[in-house]
Structure formats: structure tokens, C-alpha cells
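Presented below is the structure to which this report refers.
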Amino acid sequence: MPKMKISKQSSLTIVFAVALSAGLPNIGHAATYSLDVASNGSILASPVGSVNITDTGTTLTYQFSLTSGTLSAVYMDVGGNVSGVTDGFGTSNLGSTTNALGTFLDTFNKPVLQQGASTVTVTFSGSNLVADYTLLGGIQIFSAANTSNGLIGDAPPTTPLPAALPLFAGGLGVLGLLSRRKKAKKAVAIAAA
């Protein structure tokens, strides 16, 4: 069976695409989400705060900030191999809970947040960490807070183009390789006939 030949241009394209895809997990991502989903799933007229998420690949940090009102509990879904949870309030009360916004795997109750707190930062460390989504009436929720404004959550924005671009480039590289391989097999079959 003859060896498949790949042109220099195709090789460069594939190497570039693989390099982009391979580097993706190590790229830090940060996004800010508005706390603008009410407990019945409707979107609030104006957000009552925000959640800033920073993902370094080995840590996942949530920073809740309310523009009005105070926090009494925070609910989040975090997947992966969690090895530690740190915050500025001592021991965390982690455990699953179900409320009007859905079921959440990780819960931080009032003793952790202290009376009257309007901000809290929580960091999960481990590997393959991901913020999982809870679906509520077609709205994707990945964190929620019980506040003096009521139970509120956040609806994540769409994936930004820069984060999706390496995946797209990697897919194009693989398609190019498969197409070239198919052509090579076809040429061998014609030459053998």
C-alpha cells in the first residue's frame, strides 16, 4: 500500500489547527454574567448584580457582586475533580439543593456568606473543572443567589468567537486531512484497476 503524501501547505494547516486545539484547555477564560433571572424563570427588567467567572484550567473562581440587596445563600453547579474549595468566610457548607431555579450541586449558606454580605468569592480547584448548566423553562442557569431581592440566577451569554475559533480551525484541519486521505485511496484504487 503506497504511503499517503501530504503537501507542505496541508501539513502547516494541520499543525496549526492541532496546536490551537491542544492549547485550548490551558487558555484562561473569564466572563461576567448578569444576575437577571427571577425564580419563575422570567428575565428581570434590570439586573440586581453580576457573577464573574474565571477559569484557569485548574481553578474555577466565582465572584458574586450585588448592586442592591444582600446575599443569604449561593447555589452553583460545578463538575470535575474538585480537590478544594476556598472562600473568605471559613468552612463552606457544600451540598446539593433544589429550589425554584433548579437543582444545584454546590450550596453556600448564610453562615458562610455572613449577615449582610453583598459580595462573595469562591474558588474551586482540581482538574477538568466545568460550570454545568441547569435548564429552567428554556433558560440556562449555572449559578443562583438567594438575596434580599429574592431568588435570582444568571443566564449565560453565547460563546464568544475567540473561544470557538480554535475548535473551528481544528475541525477544518481534520476535514482537510480526511479529504486528502480519501483522494489518495481513490487514486490508488484507479491505478490498481
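The values are calculated or read from the model by the stated rules, or taken from the named source; none is laboratory data. Small disclaimer: the values here were computed from a predicted structure and weren't measured. Cβ placement follows ideal geometry from the backbone for every residue including glycine, while neighbour counts extend to all protein chains displayed.
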Strands (runs of 3 or more DSSP E) contained entirely in the stretch 74-184, each with at least 1 residues that are modelled with pLDDT under 75
78-87
What's the number of the condition residue 73 fails, among (1) closer than 22 Å to residue 151 by Cβ; (2) out of contact with any helix residue (DSSP H, G or I) (no Cβ under 9 Å at 6 or more places or on another chain); (3) not polar (S, T, N, Q)?
(2)
Between a first residue in the stretch 44-62 that is farther than 19 Å from residue 131 by Cα and outside the structural domain of residue 84 (by TED's automatic domain parsing) and a second residue that is surrounded by 15 or more Cβ atoms within 10 Å (Cβ to Cβ) and at pLDDT below 90, which pairs have beta carbons less than 7 Å apart while being 6 or more apart in sequence or on different chains?
none
Can you confirm whether residue 20 is at pLDDT below 75 and surrounded by fewer than 17 Cβ atoms within 10 Å (Cβ to Cβ)?
no
Taking residue 34, is it at pLDDT 85 or above, outside any helix (DSSP H, G or I) and farther than 19 Å from residue 133 by Cβ?
no
